[in-house]
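Working notes, structure below.
Every read-out reported here was derived from the displayed coordinates using simple, explicitly stated rules and does not represent laboratory data. Every value quoted in this text rests on a predicted model; they were computed, and no experiment measured them. With ideal geometry, Cβ positions are generated from the backbone for all residues, glycine too; neighbour counts draw on all protein chains shown.
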Amino acid sequence: MYHTYLTIIIPSLAAFAITIIATLFIKSYMLESGVTSPDHNKKNKPTLPSSGGLAVAFGFAIGIFTYIFGTRFPSPAHPFYLPNASLVYLFATILAVVLISLVGFLDDINVKAKMVKSTDMMDTRKGLKQWQKPLLTLIGAIPLVAVNAGVSVIRLPFIGNVSFGILYPLIILPLAVIFAANAFNLLGGFDGIATGTGLIASLAMLLYSISMPVGTYAGALISAVLSASIFGFFLFNLYPAKVLPGDSFTYGVGAAIVGAMVIGNMESFGLIIFMPWIIEFILHARKKFKVTDLGKIQKDGTFLPPYGKKIYSWTHIIMNIKRCKEWEVSLYMWIIEIGFVALAFGLKAMALL
């Protein structure tokens, strides 16, 4: 058991270190390259480097490669440790995360010299067209579909085991990747809100994988490396942020979460912990996704909801309940995600009784 944990800890430490190094590079490089975005939540609207998600994708890839390296070194006949996870599935997950992060990067680099209308607000970042986002994020599903990742029998909450057969790899899995990437992309705009909730979700999957009898080693490995990568970047995105995550982060992490759920055989658990983003998707859809999560900043640094009593986001609910400062909005959103994690563990514990 001790040796098994080391095969998770070492790749996670590598992912954490590489993410920090990559973030430091991206911080200066993106600023010099003009891949930036104004921080609308600060009174002076400072310009910050964007697309920090590339560092997370890079750290995640190196972390998983560190594990794979140990299964092939010093030789395939005499490896440092025997593989406990399918290398085919791991390579597919790496490729899925990297590809979809690059799609997010395409969204991030469409920066204009002047302010343009973007998601119901003025911004220098125009991004991809609304119809292009789900179409291009399909790219992230291709590697997982190609290796037929996951199992077609899923235990759904309150329903039980359901077999989807060939529909699972060809229809359900691609739709899950597209939805998760785009839904995860909707909840953001405040320092640490996307990185914090993503970190909580990945840590929840790690805890599930190592504590539940139905948990798998592959799920634990992917979740641990993902958590380490997100945490490395989270240190730079926590209020006051030094680097913005961009769509390269939200798309990539959304795909990584689906990969961990599918390969770790924890779809039903993952459905519950992902519920905040599902609800966010429904709320945004009420205004045809032309909505901003940001509030109206006041002199004391607090925010008023942008649409009054009308609710189109979790952040609008929070700002309607209480006039919050930026860090408070993120904190309350973390608490909401922790609540859904607790619910998921409770439901899973009841199902195992």
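Per-structure values
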{"read-out": "Value of relative contact order over the chain, rounded to a whole percent, pairs C-alpha under 8 Å and six or more apart", "value": "21"}
{"read-out": "Candidates 35, 177, 153: whichever shows maximal mean-square fluctuation once the chain is modelled as a Gaussian network with Cα springs under 10 Å", "value": "153"}
{"read-out": "Three-way shape call for segment 155-240 based on the alpha-carbon gyration tensor, with the a/c threshold at 1.5", "value": "oblate"}
{"read-out": "With Cα atoms, 0 to 90° folded angle of helix 173-184 axis to the chain main axis", "value": "40"}
{"read-out": "Extension gain from residue 320 to residue 214, taking 0.36 nm per residue of separation minus the Cα-Cα distance", "value": "34.1 nm"}
{"read-out": "Sparse-neighbourhood loop sites, trypsin sites (Lys or Arg not before Pro) in segment 1-97 - DSSP loop, at most 11 other Cβ within 10 angstrom", "value": "43"}
{"read-out": "Point-charge dipole on Cβ atoms (K/R +1, D/E -1) for the chain, about Cα centre, debye to 20", "value": "1080"}
{"read-out": "Rounded to 10°, Cα long-axis angle of helix 246-263 versus longest principal axis of the chain", "value": "30"}
{"read-out": "Estimated inter-spin distance, residue 335 and residue 75, nm [label 7 Å along Cα→Cβ]", "value": "6.0"}
{"read-out": "Residue 271-residue 28 FRET efficiency (beta carbon distance; Förster radius 51 Å; 0.05 resolution)", "value": "0.80"}
{"read-out": "Label zone at residue 349 (point 7 Å along Cα-to-Cβ), backbone N below 20 Å, segment 205-246", "value": "205-216"}
{"read-out": "Between helix 87-108 and the chain: long-axis angle, C-alpha atoms, 0 to 90°, nearest 10", "value": "10"}
